[in-house]
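Report on the following structure.
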Amino acid sequence: MSGSENGIERIGRRDFTRAGLVFGVGAGALAAGYAAVPDAFARAIFTARRDGVQSGAVLVMIQLAGGNDGLRTVVPLQDSNLHDLRPQLAGEAVDKALPLSPSEGLNHNLGRIRKLWDRGKVAVVQGVGYPSPSLSHFESIRVWETGDPTRRQLKGWLGRALSTSYDSYGHPLTGCACGTSVTPGALRDADSTVAVIENQLSYGFAAPEVESAVGAVYGQTPGIYGALFDTAVATVRKTAAELQQALPAPSDSGVLPSYSNDTGNALAQALKLAAQLIIRETGVRLLHVTLDGFDTHYTELSYHDQLMSYLDEAVGGFYDELVQHGKASRVLMATWSEFGRRPQENVSGGTDHGTAAPVVLIGDPVRRGIYGRPPDLRHLDDGNLRYTVDFRSIYQEILEVHLQASAGEILGGRFEPVRFLRRSS
Amino acid sequence: MVLGGAASAAVGLGAVKLYVSHPWTALLDPAGRSAWPSPLGSERARVAQLLRRATFGITPAGLEPGLNQAYQRTIDSILGAGAAEPPGLVSPGDPTRGARLEGSELQRWWLRHILSTQTPLAERMTYFWHGHFTSSLDKVDALFMYWQNLTWRRRSLDKLGRMLREVTIDPAMLTYLDLATSDASDPAQPPNENYARELMELFTLGPGGYREADVKAAARALAGWTTPPPDKQVEIVVDEKTGAKAPIDVWYEQRRGAFAPDMAYDGAVSYLNRRGKLGLDGVIDQILGQPATAKFLARKVAIQFISPAPAEETVQQIAGRFRASDYDLGELMRAAFTSPEFSAAASYRALVKSPLEFMVSAAAAVKAGTKETIELFLGYGEGMGESLFQPPNVAGWPPNGGWISPSTMLARFNFVSDLLDGLPSVPSARGAEDLHLEGVLSTSTAKRLAKSDSDRERWLVILASPEFNLK
């Protein structure tokens, strides 16, 4: 699977196999194979590939976990139905919204994102969802993570992108989750290695003898968890050393003046780390970060406003830092959430689980605009919005146009195009 | 017993079914790997596995005489031990203490009890229910979380029906899943659905066991339950610097939720194929009437105590015994521990220790002090993906493969290093691999262990090994 794609010389995993360096083709065996590749050879491949991927596009998926209220993120400005459905929540949202058009406005706490809109860096896709929506967080998260509304696929769509279009074995930082200790479902795939970095400060071995001991012990671990263990340990051994060299010592105690004055803003912390990985040319391509707390069944006004300002500060700070270092042209951010919320508010001043919602795309690669149809509050389906854009149309556009990866193979089909990204001339 | 590398035959590990509920299962790949050879033919190994899974791997002095008894008698003795109450954290003589309780104090208090309890199965089950009927310090005050912990322990091996009634009107749960803020008295205003949905989806029936209309009906039927009114309001100093005071709520003792009839729904609902005026009892009874409930809980218990992909037959059998016992939670566990799959070769090392289990068993193995262990847990738990009383979301912690990532493994290794550094003297590691790992080592662990020339190094290899991270 050597070949040129996007002008980048790639050496696929099958080359390892052909060279006799991998002892099997199964997922687990391959993970074992990675650890078993002779060090010098692995390093050579690693270096070669890293030179190649440095010019590559970067995707940052921002998960708004818990179900983000689309109607308070991209606010319909002219729809009286909104006020009927939400006597407590609609008034302020509409009055204070930052207009994008006569009929749509951004949440009033998204001021920095609104400024990016003015500069042509924001696209909004309305009404994103999938057929027969589940109102369960976990089922719906799974649908979005795997890209499969039939719930048969168990591997993540970004994990599949890694294993089909990248070669993360030579380079475990290609796919990376920041600010979490667990691997996000979207990046999960036994055929790819993924770095998971909760906190740069603690991402290193306590002592060299600890690393050498576990390096000797892990590698051919038996049993059903063998591949997971060995891949995790091989990945951390490779990436911890790499990051210690690549990243500057973090400045004073996690304060992030350029992002946020609020150290409770976990998204800002995660994106700060993501920015370092991009700026230092560590070779990251697919990043995943999360902002939690969107399950606003109760007193949504205060909670949601706070979350919107966290999102705004984190995204604004991240973008500015990329610009400062000349990296912004390569980076696309996309928000995702398992579902939107019920158009009608509940008795607790919050909203229950809903369906379709807008996706916001930010960065130099986007074509500014509002895509899709505005939410139709008059024709609800059992109280919830009908989706008008399949979420896989978004993935397809990102994979094909931004990452130049094989969207059809990764998503298992073609979806109606939504052209929110610039085409290179 | 040392396992030969690539040459060893795969023993008894069947293909993992791909449709089972947890996505991690799909990534488990026995095909390219040899299996751990099972020592479970020996009764001693079966007892050791039972204790690892049912008791955090620590053995209270009171149980020690029982350990060389038969497997069945060990089950009887841990199930028969009851649930010892932890020492009170909030003394009745200091009524404002509850309001000043910190989350970290609560974590320390529970860890201390886990490390010292004489009824370890009850503690293990309290931990299981803590990850099942979830609530979080992120949204709920520590006092209510403390009460919840006491309640889960008291009901940990009781009847499911009683447990579910307590869960529904538990003040922390009423807060965490918003039932306390709901109100179904005005038909024009939809009640809050949060608790009603998770009660069915995550706590009892599982996805697919109910319709959206049932969520709406249960939300109506359960509205009216709210947090208990305080016994008193007291002014306390809230800012030491300025001396500023503020009123706080004080409860003289642990309370359940209170029922406010003016917030309740007065009419009939159609819920899980029954129509009528259903209150708390009516809703719980309908849930217990569904065969899905026993099966859902049996599967969850099987995934956390037997195998990440338990056989359908195992789940059915445990569910059958559970339901036949009028949903006795002790019988649920007995059915799991005595199921043939529990002791089958393929179940050996089929589960991953949670961070808590890993740290507690490691600390116990090297006889670390209680205080040091607690502080290490507070320092390392989050990096391993677990902070007590703070589940990642309402579904709790994803078990088994969900614990393994580059970041979490690193935290586990660094914890071991810190644990050993903090010991006044490192105990002898002679025989540790037999005592803690039944002598079943991979070739690379065995080789590295043989090369180690100090007790510290031997413990480092043993405690950091994949063998010790499994149960």
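Rule-based calculations on the coordinates, nothing more; no lab input. Nothing here was measured: the structure is a model prediction, and the numbers come from that model. Reconstructed Cβ throughout: ideal geometry from the backbone, glycine too, with neighbour counts over all protein chains shown.
Once the Cα atoms are used to define both axes, helix B:370-380 deviates from the longest principal axis of chain B by about 80 degrees.
Ordering B:57, B:310, B:343 by Cα displacement along the dipole of chain B toward the positive end leaves B:343 in first place; charges were set at the Cβ atoms of Lys, Arg (+1) and Asp, Glu (-1).
Rank A:314, B:329, B:114 by how far each Cα sits towards the positive end of the charge dipole of the protein assembly as shown (+1 on Lys, Arg Cβ; -1 on Asp, Glu Cβ) and give me just the farthest. Checking the options against the dipole of the protein assembly as shown, the answer is B:329.
Derived scalar couplings between HN and Hα for segment A:214-229 equal 6, x, 7, 7, 8, x, 10, 5, x, x, 5, 9, x, 5, 4, 4 Hz in order, rounded to whole Hz, by the Karplus curve 6.51 cos²θ - 1.76 cosθ + 1.60 (θ = phi - 60°), x for Gly and Pro. Remark on residue A:331: its backbone amide H falls under 5 Å from those of A:58, A:364, a criterion applied only to residues 5 or more positions apart or on other chains, H modelled at 1.01 Å from N. Note on the protein assembly as shown: with charges restricted to the Cβ of Lys and Arg (+1) and Asp and Glu (-1), its dipole about the Cα centre is near 1920 debye. When only Cα pairs below 8 angstrom with a gap of at least 6 residues are kept, segment A:65-182 shows a relative contact order of 14 percent. Averaged over the residues of peptide A:379-388, the number of Cβ atoms from other protein chains lying within 10 Å of each residue's Cβ is 1.
The label-point distance for residue B:259 and residue B:91, in a model that sets each label 7 Å from Cα toward Cβ, rounds to 3.7 nm.
The label-point distance for residue B:447 and residue A:245, in a model that sets each label 7 Å from Cα toward Cβ, rounds to 2.6 nm. The mean number of Cβ atoms from other chains found within 10 Å of a Cβ in peptide A:342-348 is 6, as a whole number.
The alpha-carbon of residue B:451 sits under 15 angstrom from the alpha-carbons of these aspartates and glutamates, leaving out residues fewer than 8 places away in its chain: A:209, B:433. If you wrap the protein assembly as shown in the convex hull of its Cα atoms and look at it from every side, the mean projected area works out to 36.1 nm².
In segment B:239-365, Cα pairs under 8 Å separated by at least six residues give a relative contact order of 16 percent. Within the same chain, aspartates and glutamates fewer than 8 places from residue B:232 are excluded, and of the rest, those with a Cα less than 18 Å from its Cα are B:94, B:141, B:249, B:253. Of all beta bridges that DSSP places with both ends in the protein assembly as shown, some 55 percent have antiparallel geometry.
Going down the list A:155/B:139; A:272/B:139; A:121/B:216; A:238/B:447, which pairs span over 30 Å between their C-alpha atoms? A:155/B:139; A:121/B:216, as the Cα separations exceed 30 Å there. Close amide H partners of residue A:421, meaning residues 5 or more places away or on another chain with modelled amide H under 5 Å apart, are A:367. Where only DSSP H runs of four or more residues are counted, the protein assembly as shown gives -12000 deg cm²/dmol as its mean residue ellipticity at 222 nm, each run worth -39500 (n - 2.57).
What you get for segment A:119-267, charging only the Cβ of Lys and Arg (+1) and of Asp and Glu (-1), is a dipole of about 520 debye around the Cα centre. Electrostatic tally near residue A:123: other residues with Cβ closer than 12 Å to its Cβ, Lys and Arg +1, Asp and Glu -1, net +3. A straight Cα-to-Cα reach below 26 Å connects residue B:371 with the lysines B:353, B:471, residues fewer than 8 places away in its own chain not being considered. For the segment B:464-470, counting C-beta atoms of other chains within 10 Å of every residue's C-beta and taking the mean gives 5. Looking at segment B:244-325, the chymotrypsin sites (Phe, Trp or Tyr not before Pro) that sit in a DSSP loop and have at most 14 other Cβ atoms within 10 Å of their own Cβ are B:252. FRET efficiency for the pair residue B:76 and residue B:421, taken as 1/(1 + (r/R0)^6) with r the Cβ-Cβ distance and R0 = 45 Å, rounds to 0.65. Packing, as the average of other Cβ atoms within 10 Å across residues, places the peptides B:378-384, A:273-279, B:406-412 in the order B:406-412, A:273-279, B:378-384, highest first.
Normalised by the number of residues in chain B, the mean separation of alpha-carbon contacts (under 8 Å, six or more apart) gives a relative contact order of 19 percent.
If only the Cβ of Lys and Arg carry +1 and only the Cβ of Asp and Glu carry -1, the dipole of chain B around its Cα centre is close to 1160 debye. Spacing of the modelled spin labels on residue B:434 and residue B:239, each 7 Å from Cα toward Cβ, amounts to 6.6 nm. Sorting the segments B:204-216, A:378-390, B:235-247 by their mean number of nearby beta carbons within 10 angstrom, highest to lowest, gives B:204-216, A:378-390, B:235-247.
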